[in-house]
Amino acid sequence: MMKKHVALLLGIACILLASAATLGQVEIDYWHFYGGAIGTNHEQAVAEFNATHPDIQVTSQYIGNAWTGRDKLLTAVAAGTPPDICLVDDYWIPELAATGNILKLGDYISANTVLDVFDLFWQSAKYEGEIWAMPYAASNIVLYYNKDLFRAAGLDPEAPPTTWEELRDYAKALAKDLDGDGQIDQWGLIMPTTSSAGVIYDFLPYLWQNGGELFDESNTECAFDSDQAAAALQFLQDLIYVDKVMPLAPPSQGFETGVAAMILTSSSKLQTYVPIVEFELGVAVHVMNDELMKPVTVAGGKLFTVFNEEEVEAELVFINWMTNAENNTAWSMATGYTPLSKSVVASDAFQAYLDANPNSKPAIDQIPYTRARPNIAAYGDISRVVGNAIEAALLGQQDPATVLAYAIAEANQVLADWVERLQQ
């Protein structure tokens, strides 16, 4: 095994890797699902790696968004033709690990790296207590808001909403019929409302803050048919149908163009917004439940997974380079993703960046209050079931308690099927 020769040392100057020159010419097939401005930045990083590592050449392929990309990867795995490396969403790890399709990268990662990277990000990389992937891009949901529209509505642009009720009240003040035709032209708030757009991800902070859970403590039964879950979903449904401050579907680039005053979405959107918005941008931590006052947001993340053991040494050279301190610092500054490690956050370079870019601070401040998505193999399939239920409540105006109760039976069957599958 080559693993005894290889270590991933994020943030450590000395990299204990065999010289790339000893590897011969190696070609690596790499898949990811970064499009747009972030995709351009990511492809530039891959190109720089290729330019500086002539003996290892990475062919990078964009495979669509997280939903279509997951389907494409699983199809390739089933056909026995996966890529050498794939950048995956954090909730894919348990399924890929449980089915034995990826290398256990914990065998190659140094103790120093494990200690330096925030534990939150290892939670997403683990399955049954062992590390199967290397974190690359880490994020959480923050509140973006339009300070110009706040001022126009008589709201303090330096005092964004901090609770659910404040979010509702601010959204009411910001939602406006600008042309007097009886229709809202400026929305107070937007968020995804469909399963395919990942609405479950946006729902999780409200669920958790309200004391609800997707699963029981043992992860053997679904638990999202609780009163707490129904109340959280009712709050979001009311924003559409009672308060009329949020549209059924978010307009394309609604926040960027000023059609919506607020949006709760990934911190990774920051540097997408900064160069294109024509208003003063504000960023704040996720709003909290008024009664429990429990600060919780949800982690997002992309991690490197390895499928081809034969070229593991070259593959780890690439992963190590993409995640080293210098590149992780540059990536975080260029995108809005949070740094992976405590040492990068504490570095003079990143602290100077935060001083000059205070809108990056909320995502960092929230790391202690951020939860990873449930780490079980069935999560990906169950998330679609729950997402469909949320969509039925938000788009179809169906009763939240009813749709969640209906979905629980299907979700528990999916969970049982996964248990049986893993026992085979």
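At-a-glance table
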| read-out | value |
| --- | --- |
| Single residue of the range 309-337 satisfying the filter (in a helix (DSSP H, G or I) and acidic (Asp, Glu)) that is farthest from THR52 (Cα to Cα) | GLU313 |
| Boolean, THR75 is within 22 Å of TRP418 (Cα to Cα) and loosely packed, with under 14 Cβ neighbours inside 10 Å | yes |
| Residue list for the range 375-424, filter: free of Cβ contacts under 8 Å to residues at least 12 places away in the same chain and over 30 Å from ALA133 (Cβ atoms) | ALA392, GLY396, GLN398, ASP399, THR402, ALA409 |
| Hits in the range 145-199 - residues which are β-branched (Val, Ile, Thr) and more than 20 Å from LEU281 (Cβ to Cβ) | THR163, ILE184, THR193, THR194, VAL199 |
| Options ILE390, ILE408: the member that is touching a helix residue (DSSP H, G or I) at 6+ places or on another chain (Cβ under 6 Å) and among the β-branched types (Val, Ile, Thr) | ILE390 |
| One residue from SER139, SER124 being surrounded by 22 or more Cβ atoms within 10 Å (Cβ to Cβ), modelled with pLDDT of 95 or more, under 15 Å from the mean Cα position of the chain (by Cα) and among the polar types (S, T, N, Q) | SER139 |
| Verdict on LEU73 being under 18 Å from GLY301 (Cβ atoms), of a type outside the set (Lys, Arg) and assigned to a strand (DSSP E or B) | no |
| Residue that is surrounded by the most Cβ atoms within 10 Å (Cβ to Cβ), among those in the range 168-193 that are in contact with a Leu (Cβ under 7 Å, 6 or more places away or on another chain) and within 30 Å of GLY380 (Cα to Cα) | LEU189 |
| Any hit, the range 200-221, residues being in a strand (DSSP E or B) and modelled with pLDDT of 95 or more | yes |
| Within the range 156-199, tally of residues that are more than 29 Å from ASP90 (Cα to Cα) and not in a loop (DSSP other than H, G, I, E, B) | 12 |
| Residue match in the range 222-242 (condition: part of a loop (DSSP other than H, G, I, E, B), more than 30 Å from VAL419 (Cβ to Cβ), within 23 Å of the chain's Cα centre (by Cα) and touching a residue at least 60 places away in the same chain (Cβ under 8 Å)) | no |
| Single residue of ASN388, ASN412 found to be within 21 Å of the chain's Cα centre (by Cα) and assigned to a helix (DSSP H, G or I) | ASN388 |
| The range 219-235: number of residues that are acidic (Asp, Glu) and closer than 12 Å to ALA389 by Cβ | 1 |
| From VAL306, VAL259, VAL296, VAL285, residue being of a type in the set (Val, Ile, Thr), surrounded by 23 or more Cβ atoms within 10 Å (Cβ to Cβ), touching a residue at least 40 places away in the same chain (Cβ under 8 Å) and at negative phi | VAL306 |
| Criterion: closer than 14 Å to PHE307 by Cα, at pLDDT 90 or above and of a type in the set (Asp, Glu) - qualifying residue of ASP89, ASP29, ASP55 | ASP29 |
| Index of the failed condition, ILE276 passing every other in (1) free of Cβ contacts under 8 Å to residues at least 60 places away in the same chain; (2) buried (at least 23 other Cβ atoms within 10 Å of the Cβ); (3) of a type in the set (A, V, I, L, M) | (2) |
| Residue in the range 281-291 that is touching a strand residue (DSSP E or B) at 6+ places or on another chain (Cβ under 7 Å) and closer than 22 Å to LYS126 by Cβ present | no |
| Matching residues in the range 338-371 - criterion: being assigned to a helix (DSSP H, G or I), among the aliphatic types (A, V, I, L, M) and crowded, with 17+ Cβ neighbours inside 10 Å | VAL344, VAL345, ALA363, ILE367 |
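The values are calculated or read from the model by the stated rules, or taken from the named source; none is laboratory data. This structure is a prediction, so every number in the text was calculated from the model and none was measured. No Cβ is skipped: glycine too gets one built from the backbone with ideal geometry, and neighbour counts run over all protein chains shown.
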